[in-house]
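Asks: What follows is a structure written as structure tokens; I'll ask about it next.
The values are calculated or read from the model by the stated rules, or taken from the named source; none is laboratory data. Bear in mind the structure is a predicted one, so any value in this text is a computation, not a measurement. Methodologically, a virtual Cβ is constructed for each residue, glycine included, from the backbone with ideal geometry; neighbour enumeration extends over all protein chains shown. Please note that ligands, DNA and RNA were not included when accessible areas were found on the heavy atoms of the full protein model with its side chains. Shrake-Rupley method; radii C 1.70, N 1.55, O 1.52, S 1.80 Å.
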Amino acid sequence: TRSRSAEVAGLIRVLAAEAPAASAANLGGEWELVWSDAPDIVGSSFGTSTGVGGLSGPLAAAVRIGQSIDADALSIANIIEYEPPAWLASAVPGLASDRLQQRVLLSYATSGTRCSLTVRGAAFAPRTALGISLRALPPLELRGPLSLPFGSFEVLYNDGQLRAVRTQQGYFGVNRRLPDGASWD
């Protein structure tokens, strides 16, 4: 709800005021989005299998969103993980555990608490099909000769396990570091 989003955004502002991020450092690792007020995320069926909304459709439902960040290479993969919607999973045996990841491949540069992004390409990574793991397959990567600006975000808070950011458009996002040993791959 709007009032709940306003409440969470207020808590992020308080957290950022009490313990502000000193820089955009310590971004590296595997992160999962736990909350956002961005309309393209809020308007989706994120976390459900209903198959409606901004990131979901009749044949796929977004279930996890996150980032894999390589601080040494200054690269970020924004990841949306999809599963079949409930109606399709119930109609086709073995389909319920299927997963496909869509990745936007970015490079980044930091200045203070600001992280500026550039699109480098896209990738698609099937993880499971009909109950069979496809994790050994490399992602299908699409990269062109051009790179385009993708906006930026400001790191408001980052204790290494929880990170709160505000996008260039003014939306908030909260990510948690995946547990040791967990990965998007």
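Asks: State all residues of segment 84-102 that are in a strand (DSSP E or B) and open to solvent by 20 Å² or more (accessible area, probe 1.4 Å); if no residue qualifies, say none. Before you say what the answer is, go through the steps one by one.
Replies: Within segment 84-102, the subset in a strand (DSSP E or B) is 99-102.
R99, L100, Q102 - these are the residues of segment 84-102 that are in a strand (DSSP E or B) and open to solvent by 20 Å² or more (accessible area, probe 1.4 Å).
Asks: Moving on. Being outside any strand (DSSP E or B) and open to solvent by 60 Å² or more (accessible area, probe 1.4 Å) is the filter; apply it to segment 28-53 and report the residue that is modelled with the lowest pLDDT. Can you show your working first?
Replies: Here is the first cut: in segment 28-53, the ones outside any strand (DSSP E or B) are 28, 37-43, 45-52.
Then keep just the ones that are open to solvent by 60 Å² or more (accessible area, probe 1.4 Å); that gives 39-40, 42, 46, 50, 52.
Numbers: P39: 81, D40: 77, V42: 64, F46: 49, T50: 42, V52: 33.
Filtering first and then ranking leaves V52.
Asks: Let me ask something additional. Can you spot a residue in segment 67-83 that is at pLDDT below 90 and buried (at least 16 other Cβ atoms within 10 Å of the Cβ)? Walk me through how you get there before you give the answer.
Replies: To start, the set of residues in segment 67-83 that are at pLDDT below 90 comprises none.
Looking through segment 67-83, none of the residues is at pLDDT below 90 and buried (at least 16 other Cβ atoms within 10 Å of the Cβ).
Asks: State which residue is surrounded by the fewest Cβ atoms within 10 Å (Cβ to Cβ) when the search covers only segment 137-171 and only residues that are in contact (Cβ under 8 Å) with a residue 24 or more places away in the chain and polar (S, T, N, Q).
Replies: Q169
Asks: I'd like the full set of residues that are open to solvent by less than 90 Å² (accessible area, probe 1.4 Å), outside any strand (DSSP E or B) and hydrophobic (A, V, I, L, M, F, W, C), limited to segment 112-136. Full working, then the answer.
Replies: Residues of segment 112-136 open to solvent by less than 90 Å² (accessible area, probe 1.4 Å): 112-119, 121-129, 131, 133-134.
From the residues that got through so far, the ones that are outside any strand (DSSP E or B) too are 112-113, 131, 134.
Of everything in segment 112-136, just one residue is open to solvent by less than 90 Å² (accessible area, probe 1.4 Å), outside any strand (DSSP E or B) and hydrophobic (A, V, I, L, M, F, W, C), namely L134.
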